[in-house]
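Data block below; observations after.
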Amino acid sequence: MKWLYPQLRLAHLPTMAGIALMGGLVGGIYGLLHDLITYSISNEYFTRMKFGQFARMDIGLPLPFYAAQIGFIAAGAVGLAAGWFFARTTVPLWPSAVAVKISARAFLVILLAAIFAACAGYLIGLKSNLGQILWGELSESLGVSDERAFHQVALIHTAGYVGAFLGLVIAICNLRRQVSRR
């Protein structure tokens, strides 16, 4: 039941919040850069699809920065959640400095897996018609003029999500191994 109703020591909260915020910042910066780069490949991926999904976040920034804002918020929220999970697991078991170090390594695993997978998605998009197969109907229905670039960015984003998820699984497995050795 401790996972459903965690008992937290008040003294642990500052370190736990710091680790969660570190995760949010790492994820946010990744998302910001990722969306700036992919916006430069296909602005239509954002203008025809993403901006509509995140319309409530529009504060009037120039479009590339609006894309970056979306990336920061979306990936930052995921990083914050992962950080809270890592903090909840590490802080009660190790001194603060060790918990922060273990959590930082976990963030690095997720970050590297997401970057590697996004790059793989980019290369797959260059060498195949997988994007057309997966998103051809969608891009056509959205009235996309540069479908190849749209598909390229869709592959980059999808592969990045898969990579981040696999990185999270690897990080959790490493964390569980460290906890069991304790």
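The values are calculated or read from the model by the stated rules, or taken from the named source; none is laboratory data. Keep in mind that what you see is a predicted model, and the values were worked out from it rather than measured. Counting neighbours? That spans all protein chains shown, and the Cβs are built from the backbone with ideal geometry, glycine included. Accessible surface areas use protein heavy atoms only, side chains included; no ligands, DNA or RNA. Shrake-Rupley method; radii C 1.70, N 1.55, O 1.52, S 1.80 Å.
What's the extension gain from Ser145 to Leu93 if we count 0.36 nm per residue and subtract their Cα-Cα distance?
That works out to 13.3 nm of additional length.
Express the accessible area of the chain per residue in Å², computed with a 1.4 Å probe while the remaining protein chains stay in the model.
58
Which one, Lys127, Lys50, Lys101, has the greatest fluctuation when you compute a Gaussian network model over the chain with C-alpha springs under 10 angstrom?
Of Lys127, Lys50, Lys101, the most mobile in the Gaussian network model is Lys127.
I'd like the FRET efficiency for Ile124 and Ala104, computed as 1/(1 + (r/R0)^6) with the beta carbon distance as r and R0 of 30 Å, rounded to 0.05.
After rounding, the FRET efficiency stands at 0.50.
In units of 2.2 N^0.38 Å, what is the alpha-carbon radius of gyration of the chain?
With N residues counted in the chain, Rg over 2.2 N^0.38 Å equals 1.17.
First check a/c for segment 44-128, with a ≥ b ≥ c the square roots of the eigenvalues of its C-alpha gyration tensor; if it is under 1.5, answer rounded, and if not, answer prolate when a/b is larger than b/c or oblate otherwise.
Oblate is the answer for segment 44-128, as a/c is 1.5 or above yet b/c matches or exceeds a/b.
Going highest first, how would you order 130-137, 13-20 by mean Cβ packing within 10 Å?
With the highest mean Cβ count within 10 Å placed first, the list reads 13-20, 130-137.
Give me the percent of accessible area attributable to carbon and sulfur for segment 4-141, probe 1.4 angstrom.
Here carbon and sulfur together make up 71 percent of the probe-accessible area.
Work out from phi, with θ = phi - 60° and the Karplus expression 6.51 cos²θ - 1.76 cosθ + 1.60, the ³J(HN,Hα) of each residue of segment 26-32, listed in order in whole Hz, and give x for Gly and Pro.
4, x, x, 5, 4, x, 4
Calculate the spin-label point distance for Ser40 paired with Arg182, positioning each point 7 Å from the Cα along the beta-carbon direction, and give it in nanometres.
Rounded to a tenth, the inter-label distance reads 4.2 nm.
Before anything else, pin down the relative contact order of segment 9-141: Cα pairs under 8 Å, at least 6 apart, normalised by residue count, whole percent.
Over segment 9-141, the number comes to 34 percent.
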